[in-house]
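Engineer: This is the structure, below, for whatever I ask next.
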Amino acid sequence: MRQFITFVRKEFLHIFRDSRTMLILLGMPVVQMLLFGFAITTEVRNTKVAVFDPSQSMESRAIIERFNASKYFTIAEEIHEQSRINDIFKYGEVGLVIVFSDNFESELRNGGDAAVQLITDGTEPNQASMITGYASNILAQCVQELSVEGTVTCRIIPQIRMLYNPQAESAYNFVPGVMGMILMLICAMMTSIAIVREKENGTMEILLVSPMKPIYIILSKVTPYFTLSMINLITILLLSVYVLGVPIAGSLVLLLLVSIIFIFLALSLGLLISNIVNTQVAAMLISGMGLMMPVMLLSGLIFPVESMPLPLQCLSALVPARWYVDAIRKIMIQGAEIQYVMREILILTFITVALVVLSLKTFKNRLN
């Protein structure tokens with residue numbers, strides 16, 4: 001029994017001395033609980049709303065104030081031209097547009113059926129359905145309040161319109177997100193073992209005495225994986241269009257440009273992981289399991305980023321897949337031109353350059 005206790009004590013000491021193991025055992029459950037607890041939510045909160053109100057009546061202003069007081073909506077902008085509606089959706093500025101009729105006040109006072117148009121982005125059909133559902137409930141509550149005050153005895157009929165995806169096809173939402181997840185995981189996993197394989201095979205010494213510059217060694221490692229990644233991208237697009245029925249409404253050239261930048265980003269991230277770790281198993285775990293959870297939870301693939309707490313929204317800004325998914329949704333589903341995705345392109349380019357510099361720096365340190 002004493003020997004058993006001695007061996008148990010020895011194993012505890014081994015675990016306590018390994019800070020990385022302790023971090024995984026005790027820190028990972030806390031991180032997962034916080035992420036799953038706050039990021040996984042089916043509620044839609046703080047949705048930005050734009051209002052087109054040509055009537056400027058007392059009743060319409062009361063309805064707008066009721067929307068602004070709700071925890072689900074925030075009035076972000078009042079537009080004066082209906083032609084701006086498509087632009088603000090393509091820029092991703094709002095999630096809902098409320099359109100009042102010119103004669104909204106007279107329709108209410110005459111006891112008729114006053115119509116309010118609720119326009120939302122159908123590229124995320126589940127979220128759009130929840131947004132319009134919340135908005136319809138608020139309109140119903142406004143009617144009850146106005147009826148109690150004796151100012152109106154009619155109904156407000158919400159006319160729901162989903163832009164870009166009127167049939168509410170779920171594939172329109174998941175295809176861009178799955179594209180980002182597949183390219184990030186596959187590209188990062190492929191290159192994450194590139195340098196580690198040299199270490200484990202004992203061929204790193206060949207690289208050390210090689211006359212080639214580090215940049216050329218990195219490029220020679222990346223080129224085959226980039227070619228395979230482009231084949232994967234073309235395969236994904238063909239399946240999306242001809243099997244899943246998701247059209248490419250925008251420019252195919254722009255879509256390929258954004259995808260190439262994202263592929264370079266994922267490959268650079270994989271190389272950085274490969275330079276940091278010492279075994280292929282560790283590289284696969286970090287590039288696979290370590291990237292999968294942030295991509296799925298914080299990229300907007302499944303759960304809307306706007307509904308997350310502010311700290312998680314800030315953290316999601318560091319997830320490159322979020323910006324790629326946003327750009328692909330705008331290009332594929334909304335048919336957006338380059339000016340509408342310029343922010344996403346610049347962010348992805350900046351992250352790519354930063355990862356390339358870090359990869360080269362860590363590789364040089366390995367060679368030295």
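The values are calculated or read from the model by the stated rules, or taken from the named source; none is laboratory data. Please read all numbers here as calculations on a predicted model, not as lab measurements. No Cβ is skipped: glycine too gets one built from the backbone with ideal geometry, and neighbour counts run over all protein chains shown. Heavy atoms of the whole protein, side chains included, go into the accessibility calculation; ligands, DNA and RNA do not. Shrake-Rupley method; radii C 1.70, N 1.55, O 1.52, S 1.80 Å.
Engineer: Could you pull out the residue among 75, 63, 40, 88 that is at pLDDT 80 or above and within 18 Å of residue 130 (Cα to Cα)? Give the derivation first.
Structural biologist: Numbers: 63 fails: within 18 Å of residue 130 (Cα to Cα); 40 fails: at pLDDT 80 or above; 88 fails: within 18 Å of residue 130 (Cα to Cα).
It is 75.
Engineer: Further question on the same structure: Among the residues of the range 164-180, which ones are open to solvent by 40 Å² or more (accessible area, probe 1.4 Å) and either among the basic types (Lys, Arg) or modelled with pLDDT of 80 or more (or both)? Quick ask: steps written out before the conclusion?
Structural biologist: Within the range 164-180, the subset open to solvent by 40 Å² or more (accessible area, probe 1.4 Å) is 164, 166-170, 174, 178.
Once the filter is applied, which keeps residues that are open to solvent by 40 Å² or more (accessible area, probe 1.4 Å) and either among the basic types (Lys, Arg) or modelled with pLDDT of 80 or more (or both), the range 164-180 yields 164, 178.
Engineer: Still on this structure, I have one more. In this structure, does residue 129 turn out to be at pLDDT 80 or above and among the small types (Gly, Ala, Ser)?
Structural biologist: yes
Engineer: Another question, if that's okay. Quick one: which of 332, 342 is modelled with pLDDT of 85 or more, crowded, with 24+ Cβ neighbours inside 10 Å and of a type in the set (A, V, I, L, M)?
Structural biologist: Numbers: 342 fails: crowded, with 24+ Cβ neighbours inside 10 Å.
None of the other options fit; the residue is 332.
Engineer: Open to solvent by less than 40 Å² (accessible area, probe 1.4 Å), modelled with pLDDT of 85 or more and not β-branched (Val, Ile, Thr): which single residue out of 316, 268, 299 fits that description? Walk me through how you get there before you give the answer.
Structural biologist: Numbers: 316 fails: modelled with pLDDT of 85 or more; 299 fails: modelled with pLDDT of 85 or more.
Only one candidate qualifies: 268.
Engineer: Considering only residues of the range 253-265 that are without any contact (Cβ under 8 Å) to a residue 40 or more places away in the chain and among the β-branched types (Val, Ile, Thr), which is least open to solvent (accessible area, probe 1.4 Å)?
Structural biologist: Per the stated criteria, the residue is 260.
Engineer: Quickly run through the range 302-313 and pick out the residues that are open to solvent by 60 Å² or more (accessible area, probe 1.4 Å) and modelled with pLDDT of 75 or more.
Structural biologist: Step one: of the range 302-313, the residues open to solvent by 60 Å² or more (accessible area, probe 1.4 Å) are 302, 306, 310-311.
If the condition is that a residue be open to solvent by 60 Å² or more (accessible area, probe 1.4 Å) and modelled with pLDDT of 75 or more, then 310, 311 are the ones that fit.
Engineer: Residue 14 fails exactly one of the following numbered conditions: (1) of a type outside the set (Gly, Ala, Ser); (2) part of a helix (DSSP H, G or I); (3) open to solvent by 90 Å² or more (accessible area, probe 1.4 Å); (4) at pLDDT 75 or above. What is the number of that condition?
Structural biologist: If we test residue 14 against (1) of a type outside the set (Gly, Ala, Ser); (2) part of a helix (DSSP H, G or I); (3) open to solvent by 90 Å² or more (accessible area, probe 1.4 Å); (4) at pLDDT 75 or above, just (4) comes out false.
Engineer: If you check every pair at least six apart or on different chains, which have Cβ atoms under 8 Å apart with a residue in the range 89-111 that is aromatic (Phe, Trp, Tyr) first and a residue that is crowded, with 22+ Cβ neighbours inside 10 Å and at pLDDT below 80 second?
Structural biologist: Listed pairs, sorted by first residue: 104/114.
Engineer: With 140, 135, 69 as the choices, which residue is touching a strand residue (DSSP E or B) at 6+ places or on another chain (Cβ under 8 Å) and surrounded by fewer than 14 Cβ atoms within 10 Å (Cβ to Cβ)?
Structural biologist: Details: 135 fails: surrounded by fewer than 14 Cβ atoms within 10 Å (Cβ to Cβ); 69 fails: touching a strand residue (DSSP E or B) at 6+ places or on another chain (Cβ under 8 Å).
Just a single option satisfies the conditions, and that option is 140.
Engineer: Residues that are within 28 Å of residue 247 (Cα to Cα): list the strands (runs of 3 or more DSSP E) wholly contained in the range 69-129 that include at least 2 such residues.
Structural biologist: On the way: elements: 73-79, 96-100, 113-121.
Ranges flagged: 96-100, 113-121.
Engineer: A further question follows. Just checking: which of the helices (runs of 4 or more DSSP H) contained wholly in the range 235-352 hold 3 or more residues that are under 18 Å from residue 93 (Cβ atoms)?
Structural biologist: Working: elements: 252-276, 280-298, 310-316, 320-332.
Ranges flagged: 320-332.
Engineer: Kindly establish whether residue 59 is open to solvent by less than 70 Å² (accessible area, probe 1.4 Å), out of contact with any strand residue (DSSP E or B) (no Cβ under 7 Å at 6 or more places or on another chain) and of a type in the set (D, E, K, R).
Structural biologist: Taking the combined requirement at face value, the residue satisfies it.
Engineer: Of everything in the range 246-290, what is polar (S, T, N, Q), under 17 Å from residue 363 (Cβ atoms) and touching a Leu at 6+ places or on another chain (Cβ under 8 Å)? Give them in sequence order.
Structural biologist: Selection gives 268, 287.
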